[in-house]
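The values are calculated or read from the model by the stated rules, or taken from the named source; none is laboratory data. This structure is a prediction, so every number in the text was calculated from the model and none was measured. No Cβ is skipped: glycine too gets one built from the backbone with ideal geometry, and neighbour counts run over all protein chains shown. Remember, those area values only see protein heavy atoms, side chains included, never the ligands or the DNA or RNA. Shrake-Rupley method; radii C 1.70, N 1.55, O 1.52, S 1.80 Å.
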Amino acid sequence: MIHTVLCDLLGIEYPIIQGGMAWVSSAELAAAVSEAGGLGVIGSGAAHPDWLREQLSRARQLTGKPFGVNVMLRSPYVEEIMAILQEEPVAVVTTGAGNPGKYVPALREVGTKVIPVVSSVALARRLARAGVDALIAEGMESGGHIGELTTMALVPQVVDAVEIPVIAAGGIFDGRGLMAALALGAVGVQMGTRFMCAAECTIHPRVKETVIKAKDRDTSITGASAGHPVRALRNKLTRKYEEMEKNGAPFEEIEKIGVGSLKLAMVEGDVENGTIMAGQICAMVKEIQPVRDIINDIVGSAGEVIRLLEGQFKQL
Ligand code: TUI
């Protein structure tokens, strides 16, 4: 049994948070993760506020357990999304792609735990001072919008810099990753890519097939020259990005080809012209599994790691 302070903080059974991925993490996925003992998170991305209202009501029908919402701070609707989360508070708000500092007091006022994703020590320090409840330190092994440091380098530095709980993200697939994160000083993990192929995940089946087929070196980072590096599976669109970046195309032109491309992949299933954001562990995803089996596998394999380590220490 794996129980950490994160379980007590959030009222969950296992220290596993599901990444709130835009166009991927719907109410169905989030509710299934919460029902299985983790923390499910709805990914509001750049979606319209009405979509979030609908998802909140669906998630509440599907589970009575705590769940969260991820707010993507570069969304054109960020103010409306935050207003909805005031009116209809959720247990947890995670944030990405920016500094959520100014929203922290209002969210905490309605009883929501605020857990921003950070990719640097500087932002971790600032947000700890702003009174957030915990932090997710996300390494560049992750899919989507990423920072510069790897999980292995980032997590212990954030753990040492702040006094609040730190959750590790990026490159984590099973109990080995979970135990490694705990060894680095984290109190739990956030996992995105593995949940993309959950049976309850509502993305297009072609995207799941593509993730299952992906090998270790099949992701690439594009958009770094425009200041917004994004990790996604290599396809026709990422090759177009690479070509434009190589030819020194203006930032605005580069950003333009990405608009709408995440939805194109995840909802419509266009795996060549859309953006399939996925992390470096994608090659470890080999099948579609119910969320409950995914959680049981993570917890079960963490137990195996504990026994393996105990055996090694006895031999010393
Ligand atoms: O947010 C993510 N991953 C995402 S967001 C997303 S939607 C999107 N698509 C295209 C461009 C931009 C967003 C897809 N994947 N992960 C959490 C994360 N946050 N990673 C890195 C950061 C981050 C970066 C800079 C957090 C804060 C930050 O601060 C800058 C500042 O304002 O200090």
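What to note about this one:
- Rounded to the nearest 20 debye, dipole of the chain from Cβ charges on Lys, Arg, Asp, Glu: 340 debye
- Here the accessible area is traced with a 1.4 Å probe on the protein chains. For the chain, carbon and sulfur cover 53 percent of it.
- The chain shape via C-alpha gyration tensor axes, a/c threshold 1.5: rounded
- Anisotropy class of segment 1-156 from Cα gyration tensor, a/c 1.5 cut: rounded
- Placing +1 on the Cβ of every Lys and Arg and -1 on the Cβ of every Asp and Glu, with nothing else charged, gives segment 60-189 a dipole about its Cα centre of roughly 140 debye.
- Ranking Q190, V271, G177 by how far each Cα lies toward the positive end of the dipole of the chain (charges on Cβ) leaves G177 at the top.
- Overall form of segment 1-52 per C-alpha gyration tensor (a/c, 1.5; a/b vs b/c): prolate
- Calculated FRET value between E80 and R129, using beta carbons and R₀ = 22 Å, to 0.05: 0.20
- Loop sites in segment 186-225: trypsin sites (Lys or Arg not before Pro), DSSP, at most 11 other Cβ within 10 Å: K215, R217
- Fraction of beta bridges assigned by DSSP in the chain that are antiparallel (%, nearest 5): 20 percent
- Leading residue at positive end of dipole, the chain (Cβ point charges), from V132, P66, I254: I254
- Where Cα atoms sit under 16 Å apart: lysine pairs in segment 205-281 separated by 8 or more or lying on different chains: 5
- Per-residue ellipticity at 222 nm computed for the chain from its helices equals -12500 deg cm²/dmol, with DSSP H segments shorter than 4 residues left out and the rest contributing -39,500 (n - 2.57).
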